[in-house]
1. Would you point out which residue out of Ser68, Ser89, Ser113 is open to solvent by 80 Å² or more (accessible area, probe 1.4 Å), in a loop (DSSP other than H, G, I, E, B) and of a type in the set (Ser, Thr, Tyr)?
2. Could you list, in sequence order, all residues of region 28-45 that are surrounded by 17 or more Cβ atoms within 10 Å (Cβ to Cβ) and either closer than 21 Å to Arg104 by Cα or over 17 Å from the mean Cα position of the chain (by Cα) (or both)?
3. So, in region 247-279, exactly how many residues are surrounded by fewer than 18 Cβ atoms within 10 Å (Cβ to Cβ) and either touching a Gly at 6+ places or on another chain (Cβ under 6 Å) or among the hydroxyl-bearing types (Ser, Thr, Tyr) (or both)?
4. Does region 159-179 contain any residue that is within 16 Å of Leu105 (Cβ to Cβ) and aliphatic (A, V, I, L, M)?
5. Any residue in region 244-258 that's of a type in the set (Val, Ile, Thr): show its pairings with residues that are buried (at least 19 other Cβ atoms within 10 Å of the Cβ) at Cβ separation under 8 Å, as long as the two are six or more apart or on different chains.
6. I need a count of the residues in region 1-59 that are assigned to a loop (DSSP other than H, G, I, E, B), among the aliphatic types (A, V, I, L, M) and either in contact with a Phe, Trp or Tyr (Cβ under 9 Å, 6 or more places away or on another chain) or more than 29 Å from Ser83 (Cα to Cα) (or both).
7. Being free of Cβ contacts under 8 Å to residues at least 24 places away in the same chain, touching a strand residue (DSSP E or B) at 6+ places or on another chain (Cβ under 7 Å) and more than 16 Å from Cys148 (Cβ to Cβ) is the filter here, so list the residues in region 17-75 that pass it.
Amino acid sequence: MRTQPLTICEKTLIVESLRAGKRLDFRSREEFRNVKLIVGSEIGTAICSIGQTKVICAVSAEITEPSSMRPQKGVINIDVDLSPMANYSHEHDRMGQKGMELTRLLELIIRDSRCIDVESLCIRAGKEVWKIKVDVRILDEDGSILDCACLAAITALQHFKRPNVTLEPHHTLVYSEYEKSPIPLNIYHMPICTTIGLLDKGSTIIIDPTEKESECLDGTIVVACNKRKEVCALHQSTNLILTTKQIENCVKLAMSRAEELSSVVIDVIRQDQRERSAFKRPSGFAITSPAIILNENRVVAQQIRAPIKMEIEQEEIEEEESEKQRQAYQSSVIMNENPLRSDGVKQEEIDEEQMIDEQLANIQQSVNRVELDNKQSLDRHGEIQEVDDLLAGLGDDDEEEESTVVTLGDTVDEEDEIVLVAKKKRF
């Protein structure tokens with residue numbers, strides 16, 4: 001599907017504003033847009049955004065057979081995907097002229113500039129080498145697409161680490177990140193790309209043009225430099241004839257830009273390394289999503305303008321949710337406390353005393369239960385004996401004599417006791 005071209009009125013407005021030193025996004029002609037750089041939680045992933053242009057890059061590695069011309073050098077493969085989500089004029093799985101140009105320029109800047117040590121990627125000369133695959137996908141397009149893609153690729157390469165290997169006589173052992181720590185790539189320098197627009201046959205320079213501004217320009221020039229002020233690549237999109245002074249001016253702007261972005265890349269990588277060394281999982285691409293989506297797992301329609309009262313209520317709701325989360329995870333915080341602290345030892349002693357008291361109480365209850373059981377068993381034995389006596393008496397028909405000794409008070413001596421014998425029959 002073709003994009004709708006600019007109208008004559010729009011094109012005239014943009015050109016006149018550029019000549020007057022004004023732009024539609026309130027920038028000057030030599031002012032860059034803001035750059036946002038984020039590395040993912042997975043090794044070798046990065047997202048770069050310059051204004052509305054957004055690119056994601058992922059780096060992977062696999063073992064392959066080297067070419068016969070370079071048996072001791074690894075392979076670097078760059079793949080670009082211009083998805084329809086970036087621009088509806090792009091077709092899926094079809095690069096087109098723009099995609100081919102972008103791929104060749106990235107290969108020129110990254111691979112042909114020899115910023116990566118490909119000899120360190122060799123495992124067995126002529127048999128096994130590492131193949132580094134750089135997958136670049138354009139998420140949104142609004143000018144300076146090459147600058148954004150180059151910065152995302154360089155950051156992902158700096159963030160990537162290949163698996164560690166061990167050579168055996170007949171095979172190669174590849175270790176996971178849990179068995180042996182992975183090895184980062186040997187990168188000599190970081191080429192940073194800068195796109196500069198040309199207007200009025202190169203007399204007017206436009207820094208970091210947008211998509212609409214690029215359609216109104218006479219041409220562009222791409223300069224790739226590193227922080228050591230070395231020119232890695234130089235490409236001109238049109239057949240404009242530029243003077244040496246104009247090219248030098250463009251190179252100076254690109255060098256200053258390369259120094260700034262190189263420091264940004266280094267800071268982002270170091271921060272990620274500090275978090276991983278402290279056993280903290282980085283947030284990664286999650287910080288690019290709104291907080292309400294991450295906390296509630298649902299998408300809420302964003303209003304253009306909300307009253308102050310609603311904003312205050314929303315802040316109170318977020319504070320209550322955060323407080324609930326803290327209370328919910330309070331137990332895990334207690335478990336992770338230092339057991340050598342004095343408070344922790346006191347708590348453990350108290351717990352042991354309570355445990356001992358509970359055990360003693362259980363033992364006492366069991367002893368009382370055993371005594372009661374013994375008493376009940378004795379009473380039952382006596383009842384059984386009485387029943388047996390009764391049954392034995394019923395079977396005996398003989399008479400039994402029952403003697404009773406009666407004392408007659410003081411009148412009778414102790415020696416003279418009268419014994420009364422009563423005869424009783426039991427039936």
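The values are calculated or read from the model by the stated rules, or taken from the named source; none is laboratory data. Quantities reported herein were computed from a predicted structural model and do not represent experimental measurements. Neighbour counts are summed over all protein chains in view; Cβ atoms, including those assigned to glycine, are modelled from backbone coordinates with ideal geometry. Each accessible area value is taken on the protein alone, full model and side chains, heavy atoms only, with ligands, DNA and RNA left out. Shrake-Rupley method; radii C 1.70, N 1.55, O 1.52, S 1.80 Å.
1. The conditions single out Ser68.
2. Scanning region 28-45 gives Arg29, Phe32, Arg33, Val35.
3. Counting residues in region 247-279 that are surrounded by fewer than 18 Cβ atoms within 10 Å (Cβ to Cβ) and either touching a Gly at 6+ places or on another chain (Cβ under 6 Å) or among the hydroxyl-bearing types (Ser, Thr, Tyr) (or both) gives 3.
4. no
5. Partner pairs satisfying both residue conditions: Ile247/Ile221; Val251/Val223; Val251/Cys225.
6. So the answer is 3.
7. Scanning region 17-75 gives no hits.
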